[in-house]
Amino acid sequence: MTEVVELVGDPAQPSTLVTDPDTVDNSILAFFLTYWRTKRGDAVLPLRKSFVPQEVRGNLPWVVVADALDNFTDFRYRIVGANVSRYFLGDGTGKTAREAFAAWGSEAVEDVVALNARACVNRSPVRLTGPAITVGKIFLPDFDVLYLPYSSDGETADRVVNVFTFNYRKFLETRSTGTLNG
């Protein structure tokens, strides 16, 4: 597959969606894209068991691991890294994407499910880069996320490891300690 770039979302402040990115300029995402490609080798997809948390230990706060459910109509979160939980003001571990994002509205829910599904259906990485926004009184800094499909059988994607990064320093400047703790 060849890299495909699309502008999505609000036309005034669009996000950039890249299917099967050739490279990424974010050092954390670049690490994971290389890791995924190395684990995949000559196979269509890397095996689920090839993702070893101890091998990415220093980057785990940015990692989300989700299992595909019901023909990609939802995803259940196995792991939600600490930084990701702070960004979204809650830990979705054990919840489905639909449950974890319900308070964000149906459009957010469908977007999250669609991004995970796109990685699974295309059997390739998907990168989304978005601008900072304010939801209610909550500032959410710009973000950069990479969705990486994994497989139980090497052919069919049934797990997504996504790496969600943002400017953590800017994030901390806009949040009070009370907000960070829920």
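Every number in this text was worked out from the coordinates using simple rules, so none of it is lab data. Quick caveat, the model's predicted, so the values are computed rather than measured. Please note: Cβ atoms are built from the backbone with ideal geometry, for glycine as well, and neighbour counts cover all protein chains shown.
Only one of R118, R76 is closer than 27 Å to T23 by Cβ, surrounded by 17 or more Cβ atoms within 10 Å (Cβ to Cβ) and in contact (Cβ under 8 Å) with a residue 12 or more places away in the chain; which? Steps first, please.
On the way: R76 fails: closer than 27 Å to T23 by Cβ.
That would be R118, the only listed residue that is closer than 27 Å to T23 by Cβ, surrounded by 17 or more Cβ atoms within 10 Å (Cβ to Cβ) and in contact (Cβ under 8 Å) with a residue 12 or more places away in the chain.
Looking only at residues in segment 42-101 that are part of a helix (DSSP H, G or I) and hydrophobic (A, V, I, L, M, F, W, C), which one is farthest from A157 (Cα to Cα)? Walk me through how you get there before you give the answer.
Initially, segment 42-101 is screened for residues part of a helix (DSSP H, G or I), giving 48-50, 53-62, 70-72, 82-87, 97-100.
Within this subset, residues satisfying the condition of being hydrophobic (A, V, I, L, M, F, W, C) are 56, 60, 62, 72, 82, 84, 97, 100.
Values: V56: 21, L60: 21, W62: 21, F72: 10, A82: 25, V84: 23, A97: 17, A100: 22 Å.
Ranking the qualifying residues of segment 42-101, first place goes to A82.
Under the condition of being among the aromatic types (F, W, Y) and either in contact with a Phe, Trp or Tyr (Cβ under 7 Å, 6 or more places away or on another chain) or in contact (Cβ under 8 Å) with a residue 24 or more places away in the chain (or both), which residue from segment 6-41 is farthest from R159 (Cα to Cα)? Reasoning before the result, please.
The initial filter retains those residues of segment 6-41 that are among the aromatic types (F, W, Y), namely 31-32, 35-36.
When the remaining residues are screened for being either in contact with a Phe, Trp or Tyr (Cβ under 7 Å, 6 or more places away or on another chain) or in contact (Cβ under 8 Å) with a residue 24 or more places away in the chain (or both), the result is 31-32, 36.
Numbers: F31: 19, F32: 15, W36: 13 Å.
Filtering first and then ranking leaves F31.
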Cβ-Cβ under 6 Å pairs, at least 6 apart or on other chains, segment 89-111 side closer than 10 Å to D74 by Cα, far side in a loop (DSSP other than H, G, I, E, B): V109/F101
Given (1) under 18 Å from the mean Cα position of the chain (by Cα); (2) in contact (Cβ under 8 Å) with a residue 24 or more places away in the chain, index of the condition V44 fails: (1)
Which residue out of V64, V52 is surrounded by 15 or more Cβ atoms within 10 Å (Cβ to Cβ) and either among the aliphatic types (A, V, I, L, M) or within 18 Å of A97 (Cβ to Cβ) (or both)? V64
All conditions in (1) surrounded by fewer than 17 Cβ atoms within 10 Å (Cβ to Cβ); (2) assigned to a helix (DSSP H, G or I) are true of V112 except (1)
Number of the condition not met by E3 [criteria: (1) buried (at least 19 other Cβ atoms within 10 Å of the Cβ); (2) in contact (Cβ under 8 Å) with a residue 12 or more places away in the chain]: (1)
